[in-house]
Amino acid sequence: MRRNPWWIVVAMISAGATGASADQIDSEERGATLAIEQPRVTARLVDGTAEVTVTYDVHNRSRFADAASIDVGLPAGAQVAGVRQRVGARWIDGRLLDGEAADARFQDYRDAAFAAARGAALFSVAETRGVLRLSYVPPRATVGVAYTLVVPACRLGDRWLAELPTVDDAAVVTVAGGAVLSPATATSLGAADDACADFGWPAATSLADTLRAGDRVAAWRQPLATGARASITSVPAGARRATVVDVALGDQLEAAPRRAAVVFVVDASRSQGVTGIDAQLAIIRGYLGHAPDARVQIVAVRRRATALFSGWVPASVALTRLAAMPPAAWAPANGSNLDAGLAQAAALLAATPGPRRLVAFTDDRLRVALDDAALAAALSGLPADAIAHVVVPVRGATEVVRDFASHFEAVVRPTGGITATVFVGADAGPLRELVRPTRIDGVTVDGDPADALVEGTALRWVSVAAGAPTIAGFIWGRRWQPTLVDDPPARIRAARLALAAGLDVDTDELLGLARLGRVASAVTSWLADDPTWTPGGLPPLEDDLGQSAACCSSICGLPMGLIGVGTIGQGSVVDAGVALPPAPSIEPLLAARVQGCAAAVPRGWRAAVEVETTGAEVVDVRVATSGIVEPVARARFEACAAQAAWDLELDASFARYTRTFTATFAAP
């Protein structure tokens, strides 16, 4: 899926970052021999993020106490959501403090005189690295530490994927409800990098490269068979707002209807020609390939609408009969009375049980009087549960292109259907969009067009702006919007993901988001100590050497517009800027026939015949007469003159004119 310039897609770490590395421990003061022991990593999936807890013992092998500093490699976009330390058998939870306050409290432990065998743990972060400092590690003993990370996950197919911290090659890794991918998986993740890019996977370290480098990636299988899940959460960030939108579309956005009654209204007019009619029949065949259990009727429209079958037939029978029809059965003729076809289709559907569908074909070269109100009136008998599509057929590589600018939208959208230009070729796959919706079209963010959202895909959008964006789209003709989620867990999650995105925020915004999300940042840190303790530092080195190693026992702790192609709504085929030759006259083509119609009419009659054309096709005829008093004679004459006009076969000289021609006649 293409990323859009109007919307900030998550970019979780700065360019050039190369992923997490193992935690590295050093003495901070006295050079003691320190080691990380019994490292454990546990991970679980929580609402599209991985909650990861890292637990290990910091072992001081020396005979004297020391302070420790651990360089923590953070996975892409990871936020530190908690820290604990174990002193003796007691676990002490950390507090999130403003950075300066946390630093000051921790420094008190470093600067004060020794008071007891206890200290503080401080976790601070800078860009993609974390630093975990311990002010007191007893001699020949351990301090247990545990820190919790929240790592954004990306969705690929039916799986969520998240990078895990490396910690140590010997770490025991447990993925609740999931598994750790093996490095060999890198070769089978062809679409992973593009998919994860929509969730902010860092460009410098693709998912496959992360695996090849030996880093751990967790996977959770969480299928979404049918439907769409979309949420939007907006939280304050200083003077602006941070917004997170998550979208996941199932393998099927919606299931196809079972045993649907489908009426196809075929435009068999001269303006379609043989090529256009063939394209319509190809679309019908492709449609029925995706709806083999459908019940089918076909209505051909020229001057009048005619049902092809005597009743509803199974899809297989309809296909067989279409294949057996001679070309003459589809000979194009004058008249594009789409309203007649719609009305007949509506009546047919009203007389049969649902689910019910109507697919009407047209080139939109219709008579002037056939406006949207007339078309809507023709559909007035359509059952409330029936869905109608209007399709302009075109030969080409198969594609269904929504046309939201078409005037037909006002007619079909109330039914839940679509207006589309359908390019039809050998591949019938894309035609399933006419059988069931496969994407969310017409997506806009604050009115700006975005990409369609296709079934089987997922993405996450994050922004910080003056206000929360308005996001909308359509599933066929139904309006779609993400669901607003504003409970406390969602607000915390949104703040964390906004920080994970690495967006450009000022200090006040950063502080507000970090406090709301309860995570460490450049201006907040985690401090684990007992607030009632009086800070005390390391004992003097001489006393320290004689201190009992039993003072601290060792136990294990637990861890995003389509636009129309322009064929729908086209009212004229006149080339812009090209001077047309003089319009031909229709009068010579009608003279003999009209005079013949007047053979039994008294002298003194006059007639005006208006012939409306779209190129070489006659789409409407109107006859006005005078001088004929007797009603029956007048009606016969007008009907005869009208039929003469409908029978015209206009030549190429009319092809570039969409207009009304008027011919006048009088008694000789």
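The values are calculated or read from the model by the stated rules, or taken from the named source; none is laboratory data. Small disclaimer: the values here were computed from a predicted structure and weren't measured. Cβ atoms come from the backbone with ideal geometry, glycine included; neighbour counts cover every protein chain shown. Accessible surface is based on the protein model in full, side chains and every heavy atom, while ligands, DNA and RNA are left aside. Shrake-Rupley method; radii C 1.70, N 1.55, O 1.52, S 1.80 Å.
Report the gain in length on full extension from residue 534 to residue 331: 0.36 nm times residue separation, minus Cα-Cα distance, nm rounded to one decimal. Working shown, then result.
Details: separation 203, 0.36 × 203 = 73.08 nm, distance 9.77 nm.
Full extension from residue 534 to residue 331 adds 63.3 nm.
Just reorder 661, 64 by solvent-accessible area, largest first, 1.4 Å probe, all chains present. It would help to have the intermediate numbers written out before the result.
Working: 661 10, 64 40 Å².
Result, largest first: 64, 661.
Can you give the translational diffusion coefficient of region 366-513 in µm²/s, computed by Stokes-Einstein from the Kirkwood radius over Cα pairs at 10 °C and 1.306 mPa s? All intermediate terms of the calculation are to be shown ahead of the outcome.
Details: Rh = 18.5 Å.
Estimated via Stokes-Einstein, D reaches 86 µm²/s.
Report the charge-dipole magnitude of region 398-492 in Debye, nearest 20, computed about the Cα centre from +1 at each Lys and Arg Cβ and -1 at each Asp and Glu Cβ.
240 debye
Given the whole protein assembly as supplied and a 1.4 Å probe, what does the accessible area of residue 27 come to in Å², nearest 10?
40 Å²
Could you list which residues have their amide H under 5 Å from that of residue 159, counting only those 5 or more apart in sequence or on another chain, with H placed in the peptide plane?
Amide H neighbours of residue 159: 222.
Antiparallel versus total DSSP beta bridges in the chain: what percent is that, nearest 5? Before the final figure, lay out each step's value.
Values: 124 of 156 bridges.
Just about 80 percent of them are antiparallel.
So what's the projected area for region 311-358, the Cα convex hull averaged over all directions, in nm²?
The directionally averaged projection comes out at 4.3 nm².
Which whole-Hz ³J(HN,Hα) couplings does region 420-425 yield from phi under the Karplus relation 6.51 cos²θ - 1.76 cosθ + 1.60, θ = phi - 60°, glycine and proline marked x?
Running phi through 6.51 cos²θ - 1.76 cosθ + 1.60 with θ = phi - 60° gives 8, 8, 10, 7, 10, x Hz.
Using the beta-carbon distance between residue 47 and residue 397 and R0 = 45 Å, what value does 1/(1 + (r/R0)^6) give for FRET efficiency, to the nearest 0.05?
The computed FRET efficiency comes out at 0.70.
Could you compute how much accessible surface residue 451 exposes when probed at 1.4 Å, giving the result in Å² to the nearest 10?
Rounded to the nearest 10, the figure is 20 Å².
Taking the Cα of residue 259, stepping 7 Å toward and past its beta carbon, and measuring to each backbone N in region 377-420: which are under 18 Å?
The answer is 386.
Of 380, 35, 534, which is farthest towards the positive pole of the chain's charge dipole, taken about the Cα centre with +1 and -1 on the beta-carbons of Lys, Arg and Asp, Glu respectively?
The Cα lying farthest towards the positive end belongs to 380.
Which value, in debye to the nearest 20, gives the size of the charge dipole of the chain about its Cα centre, when Lys and Arg are +1 and Asp and Glu are -1 at the Cβ?
2420 debye
Which trypsin sites (Lys or Arg not before Pro) does region 234-285 hold that lie in a coil by DSSP with at most 16 other beta carbons within 10 Å?
258, 259
Count neighbours as other Cβ atoms within 10 Å of each site's Cβ, and list the trypsin sites (Lys or Arg not before Pro) in region 302-339 that are DSSP loop with at most 12 such neighbours.
Taking region 302-339 and a limit of 12 other Cβ atoms within 10 Å, the loop trypsin sites (Lys or Arg not before Pro) found are 304.
Multiplying the sequence separation of residue 506 and residue 115 by 0.36 nm and subtracting their Cα-Cα distance, what value in nm do you get?
Details: separation 391, 0.36 × 391 = 140.76 nm, distance 4.03 nm.
Full extension of this stretch gives 136.7 nm more.
For residue 426 and residue 226, FRET efficiency with R0 = 30 Å and r from the beta-carbon atoms, rounded to 0.05?
With a Förster radius of 30 Å, E is 0.55.
Can you find, among 635, 128, 354, the residue farthest towards the positive end of the dipole of the chain? Put +1 on the C-beta of Lys and Arg, -1 on that of Asp and Glu.
The residue sitting farthest along the positive end of the dipole is 635.
Taking the Cα centre as origin and putting +1 on Lys and Arg beta-carbons and -1 on Asp and Glu beta-carbons, what dipole magnitude results for region 479-541, to the nearest 20 debye?
300 debye
Counting every Cα pair in the chain, what percent are over 32 Å apart?
Working: 140549 of 222778 pairs.
Roughly 63 percent, once rounded to a whole number.
Using label points projected 7 Å from each Cα along Cα→Cβ, tell me how many nm separate residue 656 and residue 347, to one decimal.
Calculated label separation equals 4.2 nm.
Could you check the spin-label model distance between residue 127 and residue 69? Points 7 Å from the Cα along Cα→Cβ, value in nm.
1.7 nm
How much accessible area does residue 620 have with a 1.4 Å probe, in Å² rounded to the nearest 10?
Its heavy atoms expose roughly 30 Å² to the probe.
Sorted by packing (mean other beta-carbon atoms within 10 Å per residue), highest first, where do 68-74, 598-604 land? Provide the component values of the computation, followed by the final result.
Numbers: 68-74: 20.3, 598-604: 12.7.
So the order, starting with the most tightly packed, is 68-74, 598-604.
Residues of region 226-243 with amide nitrogen under 15 Å from the 7 Å Cα-to-Cβ point of residue 486?
From region 226-243, the list is 232-237, 241-243.
List the chymotrypsin sites (Phe, Trp or Tyr not before Pro) in region 241-331 that DSSP assigns to loop (not H, G, I, E or B) and whose Cβ has at most 12 other Cβ atoms within 10 Å. Which are they?
Nothing satisfies the criteria.
What part of the accessible area of region 243-284, given as a whole %, is carbon or sulfur when the probe is 1.4 angstrom?
Answer for region 243-284 is 45 percent, counting heavy atoms of protein chains only.
Under a 1.4 angstrom probe, counting protein chains only, how are 231, 521 ranked by accessible area, largest first?
Listed by decreasing accessible area, they come as 231, 521.
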